[in-house]
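*Asks:* Before I ask anything, here is the structure I am working with.
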Amino acid sequence: MDGIKDKIGKLIDEVKEKTTDFKDKAEDTFEEVKGKAEALKDKAGEAYKEVKERAEVLKTKEGLDMDAEQAYRMPLIGDKAPSFKAVTTQGNINFPEDYYSKWVILFSHPADFTPVCTTEFMTFATMEEEFKALNTSLVGLSVDSLYAHIAWLRKIQELEWNGMKNVEVKFPLIEDIKMEVAKKYGMIQPGQSTTQAVRAVFVIDPKGTIRTILYYPLSTGRNFDEIKRIIIALQKADADQVATPANWRPGQDVIVPTAGSCGAAKERMENQTEDQYCLDWFLCFRREKSKLLRLCSHRKRRET
């Protein structure tokens, strides 16, 4: 019996010892897991903080980008021409204040010493007197330096093309190295180039309002007869409160405003005159005086 008791006592002691060891190990494991959990919690907190900081940076950058886009929103027809001061080949200008009471053609070109631009400047300079007769000033722009402008314009005088030679460019060419003016007018278009202006044309009236906007790709030279036609058509529309039809040329018939009521539409259709005729109530034309005089003269000859 004593031997059995001793064995039972030893077994109990072993169980107690193993229980104590297990308890100690369990406590050690718990502390280890707890420590790892605390470490993971700290890392998660740091990661959250980092993500939050990055989100704030991105939000700020996006806001700055939006502000920049708004600051350089391309002006539209009917907007006032964005103002600027600039250095040009003809001295400093304050635009558009220096040109109030005149029509202005503000145009950009990609770069000096480029072939298409050279032909354009020769053409514009040759036509400058024609534009002056229309109370219209020319102002050019590129993102090159003033000295590059001067060197290029001097070189142009040595060239001969399409019947033009000894061409002196007398209108101002803006230095815009920082692209400040080009960005104000939407002349930098990344799809074409981030370092060169596209071929833009802004027609601005004597009150400083943008009346026409034309854009040409880098590879296509401008149609200067069309630019001149636009000036004449706008001046005609302002002076006589009319519109000009497709392919209109000076001296051709113009469109009168559409009738604003049923009564006016009926009257126009029933009371057409020699100087005004209608194809339908909404499409009426007015003959130019020179054309009307020729028509009357022709009729008189037929009657006699």
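The values are calculated or read from the model by the stated rules, or taken from the named source; none is laboratory data. As the structure is a prediction and not an experimental result, all values here were calculated from the model. Note: ideal-geometry Cβ built from the backbone for every residue, glycine included; neighbour counts use all protein chains shown. The area values use the complete protein model at the heavy-atom level, side chains included, leaving out ligands, DNA and RNA. Shrake-Rupley method; radii C 1.70, N 1.55, O 1.52, S 1.80 Å.
*Asks:* In nm, what is the difference between 0.36 nm times the number of residues separating Glu158 and Asn271 and their Cα-Cα distance? Write down the numbers at each step before the final one.
*Replies:* On the way: separation 113, 0.36 × 113 = 40.68 nm, distance 6.10 nm.
Here the segment from Glu158 to Asn271 would lengthen by 34.6 nm.
*Asks:* Continuing with this model, one more query. Amide H of Thr244 versus every other amide H placed in the peptide plane: which residues, excluding those fewer than 5 positions away on the same chain, fall under 5 Å?
*Replies:* When sequence neighbours closer than 5 places are left aside, the close amide H contacts are Ile255.
*Asks:* Another question, then. Is there a pair in Lys132/Lys165; Lys170/Lys289; Lys80/Lys236; Lys165/Lys207; Lys102/Lys289 whose C-alpha atoms are over 28 Å apart, and which pairs would that be?
*Replies:* Lys170/Lys289; Lys165/Lys207
*Asks:* What relative contact order, as a whole-number percentage, does segment 194-265 give when Cα pairs under 8 Å and 6 or more residues apart are counted?
*Replies:* 17 percent
*Asks:* Let me ask something else about it. Post the alpha-carbon centroid distance, segment 208-269 to segment 97-151, in whole angstrom.
*Replies:* A separation of 24 Å, based on Cα centres.
*Asks:* Now for a different question. Place a label point 7 angstrom from the Cα of Leu283 along the Cα-to-Cβ direction, then list the residues of segment 239-255 whose backbone nitrogen is under 19 Å away.
*Replies:* Residues 242-249, 252-255 fall inside that zone.
*Asks:* If you don't mind, another one. Would you list Arg154, Arg199 from the most to the least accessible area, probe 1.4 Å?
*Replies:* The most accessible residue leads, giving Arg154, Arg199.
*Asks:* May I ask for the net charge around Ile210, where only other residues with Cβ less than 14 Å from the Cβ of Ile210 are counted and Lys, Arg are +1 while Asp, Glu are -1?
*Replies:* +3
*Asks:* In terms of the Cα gyration tensor, with a ≥ b ≥ c the square roots of its eigenvalues, is segment 115-163 rounded because a/c is under 1.5, prolate because a/b exceeds b/c, or oblate?
*Replies:* oblate
*Asks:* Using R₀ = 41 Å, calculate the FRET efficiency as 1/(1 + (r/R₀)^6) where r is the Cβ-Cβ separation of Asn166 and Lys85; round to 0.05.
*Replies:* It comes out at approximately 0.80.
*Asks:* PRE reach from Ala151 (point 7 Å along Cα→Cβ): which of segment 198-212 fall under 13 Å by backbone N?
*Replies:* none
*Asks:* Right, something else. What's the Cα-based Rg to Rh of segment 149-213, Rh via Kirkwood?
*Replies:* My calculation of the ratio gives 1.04.
*Asks:* Can you give me the relative contact order of segment 237-292 as a percent, contacts being Cα pairs under 8 Å and 6 or more apart?
*Replies:* Relative CO of segment 237-292 lands at 34 percent.
*Asks:* Oh, and also: So what J values fall out for segment 158-171 if you push phi through Karplus, 6.51 cos²θ - 1.76 cosθ + 1.60 with θ = phi - 60°, rounded to Hz, Gly and Pro as x?
*Replies:* Couplings: 8, 9, 10, 7, 6, x, 9, 8, 6, 7, 9, 8, 9, 7 Hz.
*Asks:* Give the residue list of trypsin sites (Lys or Arg not before Pro) in segment 158-196 that are DSSP loop and have at most 10 other beta-carbon atoms within 10 angstrom.
*Replies:* For trypsin sites (Lys or Arg not before Pro) across segment 158-196 that sit outside H, G, I, E and B with at most 10 neighbouring Cβ atoms in 10 Å, the list reads Lys178.
*Asks:* To the nearest 0.05, what FRET efficiency results for Ile232 and Ile177 with a Förster distance of 51 Å applied to their C-beta separation?
*Replies:* Step by step, r from the Cβ atoms, then E = 0.90.
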